[in-house]
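Asks: Here it is, the structure, as structure tokens.
The values are calculated or read from the model by the stated rules, or taken from the named source; none is laboratory data. Not measured: the values here are computed from a predicted model. Positions of Cβ are backbone-derived with ideal geometry, glycine not excepted, and every protein chain shown enters the neighbour counts.
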Amino acid sequence: MPYPDRSAYPDRSAYPDRSAYPDRSAYPDRFYPVVGSVAWVARLALLGVGTIQLRAKELNDSEALQIVSDALEIIKGTPAKLVVNDYWRAAIVAGAKHLHLGQEDLADADLKAIRDAGLTLGISTHDDAELETALRALKSMRFAPQGIPKITEWKKRIGNIPLVAIGGIKLEQAPEIFAAGADSIAVVSDVTQNADPDARVRAWLGQNAEVA
């Protein structure tokens, strides 16, 4: 996928109106797409998406630093916030502000270095034991539970810490998930595998404006 033409957006005023989405100042945004390339990051940023996770797999340290640096460069001048998945060293070196780790990555991550770099940290959680592990790791983080029944219970347990729902979620399910207590929804296939990704992104943004 080629990068979108940035010349089509000569200045910040050309981007979608952030005031149309009253919850857009929050982190993470209610609509939180997860993608695997810089090209996707660029495409979403140009559509006005506020929080984008870059989840590229099986990269060495040099490749990770390059893709994170490229993604941070491509979103300059846009409203987008980049979340780096897994590659905490690259995130620190490249100057990223947001990081997401899976449970398996916690043991090898230098949480002090992450904290000292000022990175926000999201941690994947799938059951009560993993939630406890995440709560012990840091006081400030984001969570990603699977299954609507857990959302209300976990939101009560974590209080003001943002709760992110993930797991094959489609736009049509969003109202129920937000009503259950989720602060944000991480979206993958409903955008990247959609026949018209741009239209689907606009629909997500519009739906979240209505919910807010």
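Asks: Looking at (1) at pLDDT 95 or above; (2) over 16 Å from VAL34 (Cα atoms); (3) surrounded by 18 or more Cβ atoms within 10 Å (Cβ to Cβ), which one does TYR87 not meet, given that it meets all the others?
Replies: (2)
Asks: For the range 161-184, how many residues meet the condition of being under 14 Å from PRO28 (Cβ atoms) and of a type outside the set (A, V, I, L, M)?
Replies: 4
Asks: Sort out which residues of the range 100-152 are at pLDDT below 60 and under 14 Å from ASP86 (Cβ atoms), and write them in order of number.
Replies: Scanning the range 100-152 gives a single hit, ALA144.
Asks: I would also like to ask the following. Taking LYS76 as meeting all but one of (1) under 25 Å from GLY167 (Cβ atoms); (2) charged (D, E, K, R); (3) at pLDDT 95 or above, write down the number of the exception.
Replies: Every listed condition holds for LYS76 apart from (1).
Asks: Mind checking which residues of the range 96-109 are assigned to a loop (DSSP other than H, G, I, E, B) and under 25 Å from GLU73 (Cβ atoms)? So that I can check it myself, show each step before the final result.
Replies: Taking the range 96-109 first, the residues assigned to a loop (DSSP other than H, G, I, E, B) are 96-97, 102, 107-109.
Once the filter is applied, which keeps residues that are assigned to a loop (DSSP other than H, G, I, E, B) and under 25 Å from GLU73 (Cβ atoms), the range 96-109 yields ALA96, LYS97, ALA109.
Asks: Restricting attention to helices (runs of 4 or more DSSP H) lying wholly within the range 163-212, give those where 3 or more residues are under 20 Å from PRO79 (Cα atoms). If you could, list the steps in order and put the result at the bottom.
Replies: Values: elements: 174-180, 189-192, 197-211.
Correct list: 197-211.
Asks: For the range 79-95, which residues satisfy the criterion of being part of a helix (DSSP H, G or I) and in contact with an Asp or Glu (Cβ under 8 Å, 6 or more places away or on another chain)?
Replies: Narrowing the range 79-95 to residues part of a helix (DSSP H, G or I): 88-94.
Of everything in the range 79-95, those that are part of a helix (DSSP H, G or I) and in contact with an Asp or Glu (Cβ under 8 Å, 6 or more places away or on another chain) turn out to be TRP88, ARG89, ALA90.
Asks: From the residues in the range 178-189 that are surrounded by 16 or more Cβ atoms within 10 Å (Cβ to Cβ) and more than 16 Å from THR51 (Cα to Cα), which one is farthest from the chain's Cα centre (by Cα)?
Replies: Applying the first criterion (surrounded by 16 or more Cβ atoms within 10 Å (Cβ to Cβ)) to the range 178-189 yields 178, 180-188.
Next, from what is left, pick out any that are more than 16 Å from THR51 (Cα to Cα): 178, 180-181.
Working: PHE178: 16, ALA180: 20, GLY181: 18 Å.
By that ranking, first place goes to ALA180.
Asks: Same structure again: Please determine, by comparing only the residues of the range 48-74 that are touching a Lys or Arg at 6+ places or on another chain (Cβ under 8 Å) and assigned to a loop (DSSP other than H, G, I, E, B), which one is nearest to PRO197 (Cα to Cα).
Replies: Per the stated criteria, the residue is GLY48.
Asks: What residue, of LEU171, LEU163, is surrounded by 14 or more Cβ atoms within 10 Å (Cβ to Cβ), at pLDDT 95 or above and under 17 Å from ILE52 (Cα atoms)? Outline the logic, then answer.
Replies: On the way: LEU163 fails: at pLDDT 95 or above.
The conditions single out LEU171.
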